[in-house]
Amino acid sequence: MNFLETIWLIPLFPLLGAALMLAFGKTLDPQPRSEVAVAPGVEPVYEHGHGHAHSHGHTHDHGHTHDHGHTHDHDHAHDHGHTHEHEHGHHHHSPLKFLVNLICPGMVLLSFIFSAGAVWQLSQQTHRVHEVVNFTWIAGLPFHMANGQMGSFQMDWGFLLDPLSSVMILVITGIGFLIHVYSTGYMAHDNGYYRFFGYLNLFVFFMLMLVLANNYVLLFVGWEGVGLCSYLLIGFYFQKKSAGDAGKKAFIVNRVGDAGFIIGMLMLLSTVGTLKFTDVNAVLRTGAFTPEVAGIGTLTIITLCMFFGATGKSAQFPLYVWLPDAMEGPTPVSALIHAATMVTAGVYMIARSSALFELTPITSTVVASVGAFTAILAASIALVQTDIKRVLAYSTVSQLGYMFLALGVGAYWVAVFHLMTHAFFKALLFLGSGSVIHAMSGEQDMRGMGGLKDKIPVTFRTMWIGSVAIAGIPGLAGFFSKDEILWQAYSSPKGATILWAVGLTTAAMTAFYMWRMMYLTFYGESRVAPAVASHIHESPVSMTGPLTILAVGSIFAGWLGVPKLWTAFGENFRGFEHWLEPVFATAAVEAAKEGEHSASIEWTLMFTSIGIAVAGILITRYFYLVKPHIPVRIGAMFPRGHRVLSNKWYLDEIYEFVFVDGLCKAGGLLLGAFDRNVVDGGVNGAGWFTRFAATISGWWDTWVIDGAVRLGSFLVKMLSYPVCILQTGRVQGYAFFVVIGVLVFFGYYVVR
Amino acid sequence: MHPITTVHYLALSAALLLIGTVGVLTRRNIVIILMSIELILNAVNINLIAFSHALQNVNGQVFAIFVITDAVAEAAVGLGILIALFRNKETVQADEIDLLKW
């Protein structure tokens, strides 16, 4: 079977799943309570006595006792596990649920199979680009280009499979499938099950459209589509105000970035004359557009606008603020959308436009600086977060900062490499945190955890692997990609020592906050509320299975990009870079210059970063395991610093002040003045003028038009007056005239 | 004794016509006006009969019969109108009936 010709089917499978779920899910859903989704941490709204009969069998399956009196006593605010047991009785054997479990992950699995087949067949070709155009989407519209020529704006509904998009589709469908499977366990006791899976499938569809598109416009369709799905899924627990607000925040912040992307896209169209990736690259590589060494040129503005779009989608400073709030969504959503796939869309887009960014050194510097700054900013916030998911959210922002750092220094393949390894270990960590939350009956605050490692061993072991991987310990995925980023930040012609230093500091912070999370959650004394403690149980296989697979991936994914220094390993271990070479052809030329740096420096840097990661972990161990009072004391020593970090550098407040309050109020005042003076002035002026014109018109009407008519009637009246007096109405008078007339006739004939 | 000639008839007829015309024009009572109209018609009849006799042609008499018939009909219709008018206006004075003024 020729999978290359059927790549257009890859996004259609999840679309079919989504269509089935969203069209028929509600009608087929047998549950009597329609749409009362129970969020973790939200009190269930139905009575308890009903569910208990069913809950018994299930709790015993799980092999732990269920103390009825106890659950009734304790505060239901964290009653996740409890609802879970109630709901199982209703849903466990529901045929609809079985169907949903079959269709939605199945569709993504089908996409994965088709993707894997297509990528395999692509790798067999010498020229590793395959394009399938289904039909012309937008017929050629003529327009004037910036240079005065006539261009034709034509867009195809076309799909492009090249090494870059093949990495993306494998990550999306592969990890997406695992997260779908995980969700069947995690969401089992939530209402709106079909809705959740419908949105999830819809998201996968749009994400695949985004990465498989062969032009910017179709990419933008996916880009907006994933934004929509992100909004829908963050606000999945829409009864919670905070969830709805977070969804809106994500949507609106992303729109700000999208405005930049659209402007950049249209300027690119106006400058280059096409938005098709292959054509854009071909035009740019002809040398018609020389690299701008100094000064801000059109290309710089285009790339800056596109980068601004990327900061929105990929949660970079200044538009990252939506991502931590996005943790209001269900945890699998955080794993899929806000860690593994959607947030990498900006990285993908810039990597896809690498030929363009190669020509604009200023933008590259901006990208690298923003990436490094975001990395360290988010990492510093993550140091003091107490919500397990928020630590991971800031960690994601920080890791995305690394990717942008790599993009900015021209190491595009490294960014994509880190994107892939990060997808593994961050999805793993998020799903693991979901498993912890599941075990903790909805508790997310790490201050209420501790000592969980023996109670949920599979979750603990897999998350342990994930944390080692992200901390940058050699042998696991995160080390290879992060070390390569640091090396490129140092050695690349666009790199700088300061970028490397920031990256290194961030690496130390990463090790610190990840292991702080691990120690607070799994080690030490248990601080679990006794009411919750009795429910703690390992998650079902549908959840631990994906965790295990992702853990394996987190170990081995990095071995595709072993450092060049490790000469003991053959070229096969550096396959990732070679695989992506055709995409980043111009970048490769730049990278060739890096040979100037000596191997000893690279070894030194590598050991520095390994040492700092290990040191970070050890310090954390000392702080949180050996002497748990130290962090408290440090926090007390620098109360201001701690407060600033806890409040996320007050950036949300600053945004609130500057944009929400400041801009809105100033805008309101300005708008009020504008309204009063210009809009109202226009209306009033128009009113005055109308009245003035009406007065003139009225005068003319009264005296000229009516005057003429009345003069006519007056004249007629005057002339007719003598005749009128003859008409008396008396018969005899008329008869008299008749007689006179007769006499006149007679007289005439007689006299004649 | 002078024989009665056509001229005598014509003189009588003219006198009747004059009396009738003056009656129509001067009297205010509509009944009198109708009677005056009868006088005029009879003046015409006398004329017709006189000429019929003088010319020895019966056509004049036929016409006279027609005129009498006509006068009857006219009187009937006229009086009918008059009664209807009286019911509405409670008057038979011609100068009080002047609704056809503009």
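The values are calculated or read from the model by the stated rules, or taken from the named source; none is laboratory data. Just so you know, these numbers come straight off a predicted model, no measurement behind them. Don't worry about glycine lacking a Cβ; one is built from the backbone with ideal geometry, like all the others, and counts go over all protein chains shown. Calculation scope for accessible area: heavy atoms of the full protein, side chains included, ligands and nucleic acids excluded. Shrake-Rupley method; radii C 1.70, N 1.55, O 1.52, S 1.80 Å.
Data overview
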read-out	value
Cα long-axis angle, helix A:412-439 against chain A (0 to 90 degrees, to the nearest 10)	80
By average C-beta atoms within 10 angstrom, highest first, the peptides A:610-622, A:474-486, A:199-211	A:199-211, A:474-486, A:610-622
Distance between modelled label sites at residue A:447 and residue A:646, nm, 7 Å Cα→Cβ extension	0.7
Exposure rank, largest accessible area first [A:271, B:69, A:510; 1.4 Å]	B:69, A:271, A:510
For the protein assembly as shown, size of Cβ-based charge dipole, Lys and Arg +1, Asp and Glu -1, in debye	1180
Kirkwood-based Rg to Rh ratio, the range A:198-356, C-alpha trace	1.03
Span from the the range A:100-123 Cα centroid across to the the range A:602-620 one, whole angstrom	39
Under 16 Å from the Cα of residue A:248 - lysines, other chains or at least 8 residues apart	A:240, A:313
Distance between the range A:219-298 and the range B:64-97 - C-alpha centres, whole angstrom	103
Area projected by the alpha carbon convex hull of the range A:305-418, averaged over all directions, nm²	6.2
Among A:742, A:601, B:31 - extreme Cα towards positive end, dipole of the protein assembly as shown, charges at beta-carbon	A:742
Crossing angle, helix A:731-751 versus chain A [Cα axis fit, 0-90 degrees, rounded to tens]	50
Theoretical FRET efficiency, 1/(1+(r/R0)^6), r = Cβ-Cβ of residue A:723 and residue A:677, R0 60 Å, to 0.05	0.35
Residue-count net charge about residue B:101 - beta-carbon cut-off 14 Å; Lys, Arg +1, Asp, Glu -1	-2
Spin-label pair residue A:102/residue B:22, simplified geometry with 7 Å Cα→Cβ offset, distance in nm	12.9
Gained length - residue A:626 relative to residue A:670, 0.36 nm times residue gap less alpha-carbon distance	10.0 nm
Members of A:26/A:389; A:482/A:665; A:453/A:648; A:494/A:648; A:455/A:627 lying beyond 32 Å, as alpha-carbon distances in this model show	A:482/A:665
Estimated FRET transfer efficiency (residue B:54, residue A:735; beta-carbon r; R0 41 Å; 0.05)	0.85
Equivalent ellipsoid, the protein assembly as shown (semi-axes from 5 times Cα gyration tensor eigenvalues, Å)	104, 37, 28
Cα gyration tensor category, rounded, prolate or oblate, for the range A:345-396 with a/c compared to 1.5	oblate
Global form of the range A:512-561, assessed from the alpha-carbon gyration tensor, a/c cut-off 1.5	oblate
Calculated log₁₀ intensity ratio I(q)/I(0) where the Debye formula runs over C-alpha points of the range A:619-702, q = 0.13, 0.17, 0.25 Å⁻¹	-0.71, -0.85, -1.08
Net charge contributed by nearby residues that have their C-beta within less than 13 Å of residue A:310 (K/R +1, D/E -1)	+1
Area of residue A:113 that stays accessible when all protein chains are in place (1.4 Å probe, Å², to 10)	80
Cα centroid separation, the range A:416-476 to the range A:127-149 (Å)	45
Shielding score for A:227-233, defined as the mean number of other chain Cβ atoms within 10 Å	0
Relative contact order (%) - criterion: Cα under 8 Å, at least six apart; region: chain A	12
Interface burial for B against A (accessible surface, 1.4 Å probe, total of both chains, Å², rounded to 100)	1000
Order by protection proxy (mean Cβ within 10 Å, highest first), peptides A:642-652, A:414-424, A:120-130	A:414-424, A:642-652, A:120-130
Selection from A:466, A:561, A:262, by position along the positive dipole direction of the protein assembly as shown (Cβ)	A:262
Point-charge dipole on Cβ atoms (K/R +1, D/E -1) for the range A:455-607, about Cα centre, debye to 20	520
Rounded to 10°, Cα long-axis angle of helix A:49-61 versus longest principal axis of chain A	30
FRET efficiency, residue A:604 to residue A:568 (Cβ-Cβ, R0 25 Å, nearest 0.05)	0.85
Local electrostatic count, residue A:454, Cβ distance below 12 Å [Lys/Arg +1, Asp/Glu -1]	+2
Cα-projected label distance for residue B:96 with residue B:29, points at 7 Å along beta-carbon direction, nm	1.4
Rounded accessible area per residue of chain B, 1.4 Å, Å²	69
Simple Cβ-charge dipole of chain B, Lys/Arg +1 and Asp/Glu -1, about Cα centre, in debye nearest 20	60
Residue-averaged beta-carbon neighbours from other chains (10 angstrom radius) around B:19-30	2
